[in-house]
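The values are calculated or read from the model by the stated rules, or taken from the named source; none is laboratory data. These numbers come from a predicted model, not from an experiment. Methodologically, a virtual Cβ is constructed for each residue, glycine included, from the backbone with ideal geometry; neighbour enumeration extends over all protein chains shown.
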Amino acid sequence: MAHDLGLNFLSCLSGIDRGDSLEVVAHIGYSICVLVRTSVPKDNPEVDSITDVLPAANLYEREAHDLLGIVFKGHPNLKRIFLPEDWPEGVYPLRKEYKPEHPKPLRGGEPG
């Protein structure tokens, strides 16, 4: 249907932490832009991937998965893209409950 309406360009896909839920927002279209928004619960953040219709969603969905923990069902390669491979499982830096730790000194001594 998206292609029939000329909506075959994905300009942006974003993940948002709304506090009690997570939201996925896609901006689809070129001269006419349609905003598609869906909300998913934080305890089960799953939504169908749109990569089969709009392949450009591949990297955007990986980003939202990596930083917010949203699972895009049917995504062909849902693996880390920004965070290091040894990042703790289940810790998502763009969620509101994430509390970063102050960096530890590299050499172990007091500054100064």
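Every condition in (1) modelled with pLDDT of 90 or more; (2) of a type outside the set (Lys, Arg); (3) touching a Pro at 6+ places or on another chain (Cβ under 9 Å) holds for His27 except the one numbered (3). Restricting the first member to segment 32-46 and to residues that are under 15 Å from Arg18 (Cβ atoms), and the second to residues that are small (Gly, Ala, Ser) and in a loop (DSSP other than H, G, I, E, B), the beta-carbon pairs closer than 9 Å and six or more apart or on different chains are Lys42/Gly19; Lys42/Gly69; Pro45/Gly69.
Among the residues of segment 1-21, those that are in contact (Cβ under 8 Å) with a residue 60 or more places away in the chain and part of a strand (DSSP E or B) comprise Gly15, Asp17. Candidates Ser21, Ser49: the one that is in contact with a Gly (Cβ under 6 Å, 6 or more places away or on another chain), modelled with pLDDT of 95 or more and not hydrophobic (A, V, I, L, M, F, W, C) is Ser49. Quick one: would you say Gly74 is at pLDDT below 95 and loosely packed, with under 14 Cβ neighbours inside 10 Å? It is false that Gly74 is at pLDDT below 95 and loosely packed, with under 14 Cβ neighbours inside 10 Å. Consider Tyr92 carefully, then state whether it is surrounded by fewer than 18 Cβ atoms within 10 Å (Cβ to Cβ) and among the hydroxyl-bearing types (Ser, Thr, Tyr). Answer is no for this residue. Annotation for segment 97-106: no member residue is over 11 Å from the mean Cα position of the chain (by Cα), assigned to a strand (DSSP E or B), at pLDDT below 95 and not hydrophobic (A, V, I, L, M, F, W, C). Filtering segment 49-71 to residues that are of a type in the set (Asp, Glu) and either over 13 Å from the mean Cα position of the chain (by Cα) or within 13 Å of Leu94 (Cβ to Cβ) (or both) leaves Asp52, Glu63, Asp66. Here Ser31 meets each of (1) within 21 Å of Leu7 (Cα to Cα); (2) hydroxyl-bearing (Ser, Thr, Tyr); (3) surrounded by 10 or more Cβ atoms within 10 Å (Cβ to Cβ) with one exception, condition (3). For segment 65-84, state whether one or more residues are touching a Ser or Thr at 6+ places or on another chain (Cβ under 6 Å) and of a type in the set (S, T, N, Q). No: segment 65-84 contains no residue that is touching a Ser or Thr at 6+ places or on another chain (Cβ under 6 Å) and of a type in the set (S, T, N, Q).
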